[in-house]
Amino acid sequence: MMLSILPAASQDPPRPGPRNPVIPPPDTKPIRTVLKWQLIATAVLGLLAGLWAGVDGMASALLGGGVNVAANALYAVAYAKLRPANAGGVVIAAVRAEASKIALVIVLLAVILAVYREIVVAPFIAAFLVTAMLFRIVLLARD
């Protein structure tokens, strides 16, 4: 008799954590929480940058944070559309969704830096990095 270490297709994928980096589907609380905290951080950084560097600072921070918010929303939608049925499917779906997320980040960064000539670099990069780090931090936090 052959034993399988893979979960049955009817089981939900395990929660993400230090031993399981699989990202949950978008209709779960962790993804909604990540997007909520990224939006909050983007808004707060936008306000602080606006006080520090004016309208262009605010716009720069909002754009920097918005890149990750948009990319993670795309990740969630791409993962949900693939609807993996087994452990192998979960890995394939996660890789494809992550690839689409990375591609969108690259495109958005290139377009913003090419088009927005008055960008204030410090708030833009700060908001981008903070929202990028929040993705992993919020997922690893316990309920």
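Kirkwood hydrodynamic radius (Cα pairs, Å) of region 96-143?
12.4
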**Q.** Per DSSP, loop trypsin sites (Lys or Arg not before Pro) in region 62-143 with at most 10 further Cβ within 10 Å
**A.** ARG117, ARG142
Q.
Taking every alpha carbon pair in region 29-140, what does the distance histogram look like in 5 angstrom bins from 0, in percent?
A. 2, 13, 20, 21, 18, 11, 7, 4, 2, 1, 0
Q: Report the equivalent ellipsoid semi-axes for region 32-71 in whole Å, largest first, defined as the square roots of five times the eigenvalues of the gyration tensor built from alpha carbon atoms.
A: 19, 10, 4
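The numbers here are math on the coordinates, done by the rules we state, and not lab data. Here the structure is a predicted model, which means the values were calculated and not measured. Because the Cβ atoms are built from the backbone with ideal geometry, glycine has one as well, and the counts that use them run over all protein chains shown.
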